[in-house]
1. Enumerate the calculated ³J(HN,Hα) couplings along the stretch 32-39 in order (Karplus 6.51 cos²θ - 1.76 cosθ + 1.60, θ = phi - 60°), each rounded to whole Hz, writing x wherever the residue is Gly or Pro.
2. Note down the net charge around ILE7, summing +1 for each Lys or Arg and -1 for each Asp or Glu among other residues with Cβ under 12 Å from its Cβ.
3. List the residues whose amide H sits under 5 Å from the amide H of CYS9, counting only those 5 or more places along or on another chain, with H placed 1.01 Å from N in the peptide plane.
4. Please sort by residue number the trypsin sites (Lys or Arg not before Pro) in the stretch 20-64 whose DSSP state is loop and whose Cβ has at most 11 other Cβ atoms within 10 Å.
5. Could you give each residue of the stretch 57-62 its phi-based ³J(HN,Hα) in whole Hz, using Karplus coefficients 6.51, -1.76, 1.60 with θ = phi - 60°, and x for Gly or Pro?
6. Can you give the FRET efficiency for VAL79 and GLU13, using 1/(1 + (r/R0)^6), R0 = 22 Å, r = Cβ-Cβ distance, to the nearest 0.05?
Amino acid sequence: MSEKDIIICRCEEVTYYDLKETAKRFQCTPRELKLRTRAGMGYCGGRTCRNAVDSIALESTERDESQITLKYQPPIRPVSFGKLGEVFE
């Protein structure tokens, strides 16, 4: 399995490779990396990938204590897992 196959953000299908390349190319802060790749902006609001996105961004830039780390974003309205997996015909 290569970096291109490892999905970090399942909701937006953003891979580890995409995050690393974007962070390296633009020297992104965690927030900028999130906005450029949409990682953490899906159904779960970053609950599963927030820490990974934060870590990857901080590998390519120096930590600035004035920056606010990524936060969890609740969905606009709760969605049950049954609705997410529902098949429409």
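1. Couplings: 5, 4, 4, 5, 6, 10, 6, 5 Hz.
2. Details: positive: LYS4, ARG10; negative: GLU3, ASP5, GLU12, GLU13, ASP18.
Cβ neighbours under 12 Å give a net charge of -3.
3. Amide H to amide H, under 5 Å and 5 or more residues apart or across chains, CYS9 pairs with VAL14.
4. Working: sites: LYS20, LYS24, ARG25, ARG31, LYS34, ARG36, ARG38, ARG47, ARG50, ARG63; in loops: ARG38, ARG47, ARG63.
For trypsin sites (Lys or Arg not before Pro) across the stretch 20-64 that sit outside H, G, I, E and B with at most 11 neighbouring Cβ atoms in 10 Å, the list reads ARG63.
5. Ordered by residue, 3J(HN,Hα) equals 5, 6, 5, 9, 9, 7 Hz.
6. It comes out at approximately 0.75.
No value in this document is a laboratory result; all are computed from the given coordinates. Note that this is a predicted model, so its numbers are computed, not measured. Don't worry about glycine lacking a Cβ; one is built from the backbone with ideal geometry, like all the others, and counts go over all protein chains shown.
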